[in-house]
Structures are given as structure tokens and as C-alpha cells.
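The values are calculated or read from the model by the stated rules, or taken from the named source; none is laboratory data. Quick caveat: nothing in here was measured; it's all calculated off a predicted structure. Virtual Cβ from ideal backbone geometry, glycine too; neighbours counted across all protein chains shown.
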Amino acid sequence: SRFWNEKTKGLEPYIPGEQPKSKKLVKLNTNENPYPPTRAVRDAIAAANCGDLRLYPDPEATALREAFAKYVGVKAENVFVGNGSDEVLAFAFDTFFEKGKPILFPDICYSFYPVYCRYFEIDYETVPLKEDFTVDIDGFRKENGGVVITNPNAPTGIALSRDDIEEILKANPNRVVLIDEAYVKFGAESAVPLIETYPNLLVVQTMSKSHSLAGLRVGFAIGSAELIEGLNRVKNSFNSYPVDRLAQAGALAAIEDSAVIEKRCRRIAATRQGVSVALRSMGFDVLPSKTNFIMIHYWNADTEAMFQYLREHGIVVRHFQGPRIGDYLRVTIGNRSDMRRFLDAVEEYIS
Ligand SMILES: *Cc1c(COP(=O)(O)O)cnc(C)c1O
């Protein structure tokens, strides 16, 4: 359009996974939680006073930040809250990284990072994953303007240990190291305990996957007070009231209900194990996942044809284009009956 400025003309936006209109489809394409929000969340949102919506929300989301800080074992001054972790990540890229100092992230990781880099005019270089799809820690020892790691990684599902993350932090004491822990509750070690020792560590988490609240849009950053203050400077230069009243109420209730939620995460991890075993026995390569999804590959299948076959049988998964991951499908772990349908369809396809 002739009305767009030069920056807008040059953008290449992120393409989110499809949200199909039909409820009949088994939706295993965007890593949502198969279980609904817990009763406490529904009650808290229902109890929120609609009349209060005429008032602005608490700009600091104080109660929510305090509850989350307690949940992860830090102080409220170490927590930043935003509209989903995508917004928190965008603020972090804008606050800590810049042109002329290329940041590093793996060649296969969350595909929103290069989109933020183009938008905020940040240079980046990618570090290839190793042959087995694990993150190459030594690749993050070179000169850089910052480091971003998805842990566990998406879309591979493979996790680094906290010790591995600490190696990366030790190699980069003068740069912000951002760890995106969107899937950490499904079985990986969180880097949050390291924030006391490493003022350059920023951990980003979300209520979307583990807490069944993708539609509410609440995400967090956890880091030194110095990093959090930087994020607030940018937020308050852009939109100082970001998280709405209903989202603050619902997310607070979800955090207070974490014991129930973590039990569900373990149930999803158990389903993941069962599905992985079943697929391997059919001859699939299944990457070792610590998330609520798996990356799978069948030795003699045309991946796109398998994707289409599943789609025609009412099952939506995700097929990323690109070298190496193009041979795989990413499959979200749904409830047991979803996964039964998925396994039946896959078995039919390969036989
Ligand atoms: C889903 C996801 C996000 C975004 O989550 P929201 O909090 O819903 O914005 C961020 N990072 C990764 C790796 C994700 O998979």
C-alpha cells in the first residue's frame, strides 16, 4: 500500500498456527492445553466485578506479580508481567538488543525471534543445532550482542539442563541471556534459581500452555531488578496499562491453583510418554521431548502427504517448512482420546 511507511513495507510477519473454525477437528497444532482452566480460574473471572471495568486496571498488576514471585521463589521486584509471553519477549528484544551487535539464537527455535529482530532492527546470527537436534552450547561462546534460547526448545521439545544454561551464562557475563521457558512445567529444569547469581539472566514464562490460559494472554519475565526496570521503562513508554482486570484476576487464581495445574502437566507428560513409545514401536523417530508436544518422523513417509492425510481425517498437526525440521511433524499432546484417534490415523496411514 502507498500508505504504509518504509518499515511496514519491509516486514515479514510471524504466521500463527491455524485456529480452525470446526470444533470437530482434533486440534494438535498450536500446543494448547487439552484441559480447560481450573474451576478456581472460572470462579475468579465470574466474580470479578464487571462494573469495575470502567476503571483502568492496576498498571503494575501488583497482586498478580506478588503471587507469581512467591510461586517461582523470587521477589516482586524481579517480576514483569505482560499480555502473553509474546509481548514480554517483544519488550525484551526492544529493551536489551540493538543494531550492529548481532544476537545469537539456534537455527531451529521459536520462529518469532527473527520476526522481532526485523521489526526492532536488531541484527542476529543463528547457531546450528547439533546432528541430534540438541543446542550446541559451544556455539554461544563467540562475541555477540545477546543470547536467546528456548528451553525446552520449540519445535524440537528437547531441553537443556540448568547446568548447561549456567555454562552459557558464564560465557556471556556482559550480555543479556534470555531463556524462553514457555514449556518448562512439562518436565524441564527452570533457570529461575540462577537469577540471584546472574544479573544478566532474563527468564520468560507464560500461563498459556501449562496453565490452560492461552486465550487470556498473560506472560512473565523473571530477572534482576535492573533488567525488570529496563522492561518497565520500555513498557511505560508504549502502553502503561497492559494486563486487563479479568486477565489479572484469572491468572492470579491459576497461580494459586498451581498444585492442581502441575498435576495435570504431569498427566500430559505421562500421555506424551505413552504416545512416544507407541510411535517408536511403529518405527517412528520421536525426539525426546520435555514439553507438551513431540516432533516425529517416519523413515519412508512423505511428511507433507502424511500431514494432509491426517488433516483429511480430522486431525490438525503442524508441519514447519525448512531444512531438517521439514522432515518432521510437530504434534501437540492432547487428552487421551485425542491421542488414541491420532495414533489410529497414523497407523492407518503407514500400513
Ligand atoms: C507459545 C510460545 C510463546 C508465546 O506464548 P504466549 O504467552 O501465549 O504469548 C512463547 N515462546 C514459545 C517458545 C512458545 O512456544
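Does ALA63 satisfy the condition of being more than 30 Å from PRO13 (Cα to Cα), part of a helix (DSSP H, G or I) and of a type in the set (A, V, I, L, M)? Even if it seems obvious, please write down each step before you answer.
On the way: more than 30 Å from PRO13 (Cα to Cα): yes; part of a helix (DSSP H, G or I): yes; of a type in the set (A, V, I, L, M): yes.
In short, yes.
Looking at LEU160, LEU129 in this structure, which one is surrounded by fewer than 22 Cβ atoms within 10 Å (Cβ to Cβ), within 16 Å of the ligand (Cβ to nearest atom) and touching a residue at least 24 places away in the same chain (Cβ under 8 Å)? Talk me through it step by step, then tell me what you get.
On the way: LEU160 fails: surrounded by fewer than 22 Cβ atoms within 10 Å (Cβ to Cβ).
Unique residue meeting the criteria: LEU129.
Just for strands (runs of 3 or more DSSP E) wholly inside the stretch 105-182: which have at least 3 residues that are within 28 Å of GLU6 (Cα to Cα) and charged (D, E, K, R)? Working first, answer last.
Working: elements: 124-127, 147-150, 177-180.
Correct list: empty, since no element meets the threshold.
Taking the conditions exactly as written (in contact with a Leu (Cβ under 7 Å, 6 or more places away or on another chain), closer than 19 Å to ARG217 by Cβ and either modelled with pLDDT of 95 or more or assigned to a helix (DSSP H, G or I) (or both)), does ALA40 satisfy them or not?
Details: in contact with a Leu (Cβ under 7 Å, 6 or more places away or on another chain): no; closer than 19 Å to ARG217 by Cβ: yes; either modelled with pLDDT of 95 or more or assigned to a helix (DSSP H, G or I) (or both): yes.
Taking the combined requirement at face value, the residue does not satisfy it.
Of the residues ILE149, ILE137, ILE103, ILE108, which is buried (at least 19 other Cβ atoms within 10 Å of the Cβ) and either away from the ligand (no atom under 15 Å from the Cβ) or not hydrophobic (A, V, I, L, M, F, W, C) (or both)? Write out each step before concluding.
Numbers: ILE149 fails: either away from the ligand (no atom under 15 Å from the Cβ) or not hydrophobic (A, V, I, L, M, F, W, C) (or both); ILE137 fails: buried (at least 19 other Cβ atoms within 10 Å of the Cβ); ILE108 fails: either away from the ligand (no atom under 15 Å from the Cβ) or not hydrophobic (A, V, I, L, M, F, W, C) (or both).
One residue alone meets the criteria, ILE103.
Specify the residue that is nearest to LEU202 (Cα to Cα); the eligible residues are those in the stretch 212-238 that are part of a loop (DSSP other than H, G, I, E, B) and away from the ligand (no atom under 16 Å from the Cβ). Can you show your working first?
Residues of the stretch 212-238 part of a loop (DSSP other than H, G, I, E, B): 212-218, 224, 236-238.
Going one step further and asking which of them are away from the ligand (no atom under 16 Å from the Cβ), we end up with 224, 236-238.
Values: SER224: 8, ASN236: 19, SER237: 20, PHE238: 20 Å.
Among those that are part of a loop (DSSP other than H, G, I, E, B) and away from the ligand (no atom under 16 Å from the Cβ), it is SER224.
All but one of (1) buried (at least 24 other Cβ atoms within 10 Å of the Cβ); (2) under 17 Å from VAL74 (Cα atoms); (3) free of Cβ contacts under 8 Å to residues at least 60 places away in the same chain hold for MET207; which doesn't?
(2)
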